[in-house]
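First up is the structure itself, then whatever we jot down about it.
The values are calculated or read from the model by the stated rules, or taken from the named source; none is laboratory data. Quantities reported herein were computed from a predicted structural model and do not represent experimental measurements. Because the Cβ atoms are built from the backbone with ideal geometry, glycine has one as well, and the counts that use them run over all protein chains shown. Keep in mind that these areas ignore ligands, DNA and RNA; they rest on the heavy atoms of the full protein, side chains included. Shrake-Rupley method; radii C 1.70, N 1.55, O 1.52, S 1.80 Å.
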Amino acid sequence: MAYQVAATTLTALGKEDAAFTAMERSLVAIRRCDDPNLETLAASTLSWVFTKQGRLADAERVALARAHQIEPGFRSGPEDLALWGVLLLRAATAAVRQTKHGTVTDLLRMAKGAAESMGRDRLVYATPFGPTNAGVAKVNFLVEMEKSDEAVRSARTVPDLDSLPPTWRARFHVDRALAYNDLGKDRASESALLLAEQDAPEWMRYHSTSRRLVEELRGRASRGDAVLGLADRLGLVG
């Protein structure tokens, strides 16, 4: 688990090669464990590392291979459904960046079905999954597919956002900000970014997409706009 935390942190900081080394060590340690769920978590983390490295086909393959191995049945409990659903969303993340929109739709449909079967969101090994996280993922995929109008509408239907960890909520607000920015709604985009900062200020400082969007909005801002203060807090100069 420590190696996987290291891998996710290093990946978020843009140190994907070091993250991959941490994942290799995690897999060695997992072979000595008696918890099969740790292998599932490793597949999820490795898929994300591959995605950040741009190895999208590998990311999709790793997540789907493990998802097929653990596919739940009628008597599966919420934890099994959650772990399976997380893998489907990992695969969909890689697929959407390969513009495989049909695959994304199919994976999201299955993940949503698993989430609805659970009834409510759960935190499984520090990873959230349930109706809320499936809804947040849908918004992200719509933004990636440049369907900004639909993303904004879908964001309004996401239930129980407070059930998610702060960084998940922040990423959701950044996706909303991206959609509003694409639609030319600077003030709405700014408001969404401020909510993201409120939820996870430290994360915002290192999140490249957030920083890039704040810089873009700052370039169009007028004196007194809140985005100028946000840019200062993120350490953006110029």
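Below are the figures for this structure:
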read-out: Qualifying residue in the range 222-235 (condition: within 20 Å of the chain's Cα centre (by Cα) and under 23 Å from residue 168 (Cα atoms)); value: no
read-out: Qualifying residue in the range 150-159 (condition: farther than 23 Å from residue 12 by Cα and touching a Ser or Thr at 6+ places or on another chain (Cβ under 7 Å)); value: yes
read-out: Tally of residues being part of a loop (DSSP other than H, G, I, E, B) and within 18 Å of residue 88 (Cβ to Cβ) across the range 127-148; value: 2
read-out: Residue count, the range 6-37 (criterion: touching a residue at least 60 places away in the same chain (Cβ under 8 Å), assigned to a helix (DSSP H, G or I) and open to solvent by less than 50 Å² (accessible area, probe 1.4 Å)); value: 1
read-out: Test: residue in the range 164-175 that is open to solvent by less than 50 Å² (accessible area, probe 1.4 Å) and modelled with pLDDT under 95; value: yes
read-out: Residue in the range 75-91 that is farther than 20 Å from residue 137 by Cα, open to solvent by 30 Å² or more (accessible area, probe 1.4 Å) and not in a helix (DSSP H, G or I) present; value: yes
read-out: Evaluation of residue 152 against (1) touching a Gly at 6+ places or on another chain (Cβ under 9 Å); (2) open to solvent by less than 60 Å² (accessible area, probe 1.4 Å) (one fails), failing number; value: (1)
read-out: Search result, residues across the range 149-208 that are part of a helix (DSSP H, G or I), among the aliphatic types (A, V, I, L, M) and over 17 Å from residue 230 (Cβ atoms); value: 151, 152, 155, 161, 179
read-out: Boolean, residue 227 is touching a His at 6+ places or on another chain (Cβ under 8 Å) and part of a helix (DSSP H, G or I); value: no
read-out: All positions within the range 185-220 that are farther than 21 Å from residue 167 by Cα and without any contact (Cβ under 8 Å) to a residue 24 or more places away in the chain; value: 185, 187, 218, 219
